[in-house]
Amino acid sequence: ITNGLLGLGKVFGKDNLVRKLLGCLNDEWEPKVTAIEESKDLKTMEIEELLGSLMTHEVKLNKKSANLVETKPQEKRRKDIALKSTHTEEVSSDEELEEED
């Protein structure tokens, strides 16, 4: 969008582009956007630095979602089986033991 506007003569500063890029991200990116806004000076931040940070976060999100997809089928295949106990306990007294002898 910004490149199209640049072609029409609208010029954006670095800080304005960084803010617009951060504003375009969806709710899934909100924690990362907040972290960038609080830890970095957006007026001096380069777009390449922002994109690198966002791409790193995207790779982490993709790995996390891939791990979730891999673990779900295993969870479905696993079945817990409860067995009914038929064990009866025999109690022997001293008298019963003497009678048996």
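The values are calculated or read from the model by the stated rules, or taken from the named source; none is laboratory data. From a predicted model like this one, the values you see are computed outputs, not experimental measurements. Positions of Cβ are generated from backbone atoms using ideal geometry, with glycine treated the same way; all protein chains shown enter the neighbour counts. The area values use the complete protein model at the heavy-atom level, side chains included, leaving out ligands, DNA and RNA. Shrake-Rupley method; radii C 1.70, N 1.55, O 1.52, S 1.80 Å.
Protein-only accessible surface at a 1.4 angstrom probe places the residues I1, I36 in the order I1, I36, largest first.
I need the peptides 11-20, 39-48 ranked by packing, meaning the mean over residues of other C-beta atoms within 10 angstrom, with the highest value on top.
11-20, 39-48
Length available on full extension from A66 to E49: 0.36 nm per residue minus the Cα-Cα distance, which gives 3.5 nm.
For the set K43/K64; K20/K64; K43/K63; K20/K63; K32/K64; K14/K63, the pairs lying more than 25 angstrom apart at their alpha carbons are K43/K64; K20/K64; K43/K63; K20/K63; K14/K63. Rolling a 1.4 angstrom probe over region 12-70 with all protein chains present gives an accessible area of which 54% lies on carbon and sulfur atoms. Protein heavy-atom accessible surface, 1.4 Å probe, per residue over region 12-70: 72 Å².
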